[in-house]
Every structure is written in C-alpha cells, then in structure tokens.
Amino acid sequence: MPILKKQHPGIKLILVGKPYGPQTDEYLDSLRRLIYRLNLQDNILYEGSVPHSRIVDYYRNCNLFITASTTGSLDKVTLEAMSCGVPVVVCNEAFKPILGKFADKLMFQPGNPEDLAAKISSLLKLKSKQQVKRYLRDTIIDNHSVDNLINNLVFHFYETKNAKSV
C-alpha cells in the first residue's frame with residue numbers, strides 16, 4: 001500500500017474476513033499499528049468477518065480481488081471473485097492454468113510487494129479490463145461451476161463402481 005499510495009493517492013484497500021488462530025487479537029492489533037505507522041488509515045479499511053449472504057456485494061463493488069495465499073490449491077474465495085467477474089491478483093501457482101493468457105498480468109511473486117504493487121497498478125490502468133473480467137467469469141462458469149462438479153462426481157462415482165465390479 002505505501003508503494004501504491006504514491007502512484008494512486010486515493011486508493012482503498014478493504015480487508016474482508018477474520019484471521020483464525022490462537023493469536024488473532026494480537027495479529028489484528030499489530031496490523032492496526034502498522035496501518036497507523038505507515039499513515040494508511042485513510043486507505044485501508046478492515047471490515048472483519050462478513051456473512052456469506054453479503055460477500056457478493058463486496059465482490060461486485062471492488063475493482064480487484066487480491067490474495068497472497070500460497071496453499072498450492074484453488075481457494076474458494078478467489079474462484080467466487082472470478083465468478084463475479086472481478087479481476088484477481090494472486091501468487092498461488094495453482095491458479096496459473098485457470099488464468100491462462102492473463103496469468104502474466106494477474107500473478108505476482110510471493111513475498112514481493114514491489115511486484116504485487118506493479119501488478120495492481122497495471123491492472124488499475126488497463127484499458128481492456130472488461131476482457132479480463134469476461135475471460136475469468138467464463139472460465140469459472142465453464143470449468144468450475146457446481147453443475148460441472150456434480151457431473152464430475154457422478155462420472156467418477158460410476159467409473160469407480162464399474163471398475164470394482166469387473
């Protein structure tokens with residue numbers, strides 16, 4: 001955010017969700033202190049936990065969705081953002097095939113704030129953002145919808161059942 005604030009003074013970051021674990025309060029306190037120390041209190045808003053019924057409103061009202069998760073698996077919130085047509089900025093290699101031709105624009109190096117800021121800044125300036133949004137949404141609908149999941153589960157169930165009976 002300090003890097004982005006220089007390039008985009010009015011930029012806002014909304015943190016949604018609550019950290020889990022034994023040191024949650026200590027983590028949040030340290031995050032608040034960091035925000036004030038860096039003079040970012042006008043740029044960063046912490047919403048905390050949001051009911052699932054309201055999360056779509058956050059997706060629809062944001063310009064970008066950013067996650068620094070490096071789990072190596074597809075996380076649901078990123079797929080949800082993509083299904084809402086929100087450009088995502090990720091460092092999780094598991095998303096590279098899904099991001100396809102836009103992977104170089106949407107992926108940053110883990111632990112590299114300069115690269116993350118560059119990707120965000122580039123996306124904010126991108127003239128063809130609609131093309132990215134449409135591609136991501138179509139990719140999720142075509143390959144990661146609930147209907148596709150159910151069809152795949154049924155297919156594998158019958159395939160396994162038939163393999164055992166042979």
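Looking only at residues of the stretch 106-132 that are modelled with pLDDT under 95 and among the basic types (Lys, Arg), we find that the one that is most open to solvent (accessible area, probe 1.4 Å) is LYS127. Of the residues making up the stretch 81-92, just one is open to solvent by 30 Å² or more (accessible area, probe 1.4 Å) and either of a type in the set (Gly, Ala, Ser) or closer than 12 Å to GLY17 by Cβ (or both), namely SER83. Has the stretch 151-159 got any residue that is within 25 Å of SER69 (Cβ to Cβ) and open to solvent by less than 70 Å² (accessible area, probe 1.4 Å)? No, there is no match, as no residue in the stretch 151-159 is within 25 Å of SER69 (Cβ to Cβ) and open to solvent by less than 70 Å² (accessible area, probe 1.4 Å).
Number of residues in the stretch 91-137 that are at positive phi and part of a helix (DSSP H, G or I) equals 1. Only a single criterion out of (1) in contact with a strand residue (DSSP E or B) (Cβ under 7 Å, 6 or more places away or on another chain); (2) in a helix (DSSP H, G or I) is not satisfied by LEU15, namely (2). Only residues that are outside any strand (DSSP E or B) and either touching a residue at least 40 places away in the same chain (Cβ under 8 Å) or open to solvent by 40 Å² or more (accessible area, probe 1.4 Å) (or both) were counted in the stretch 32-67, giving 23. Tallying residues that are free of Cβ contacts under 8 Å to residues at least 24 places away in the same chain and open to solvent by less than 90 Å² (accessible area, probe 1.4 Å) within the stretch 11-31 yields 7.
Of all the criteria given as (1) free of Cβ contacts under 8 Å to residues at least 24 places away in the same chain; (2) loosely packed, with under 14 Cβ neighbours inside 10 Å; (3) under 20 Å from LYS76 (Cβ atoms), the one not satisfied by ASN143 is (1).
The values are calculated or read from the model by the stated rules, or taken from the named source; none is laboratory data. None of these values were measured; they are calculated from a predicted model. Cβ: placed from backbone, ideal geometry, glycine included. Neighbour counts: every protein chain shown. The accessibility values were calculated without ligands, DNA or RNA, using every heavy atom of the protein model including side chains. Shrake-Rupley method; radii C 1.70, N 1.55, O 1.52, S 1.80 Å.
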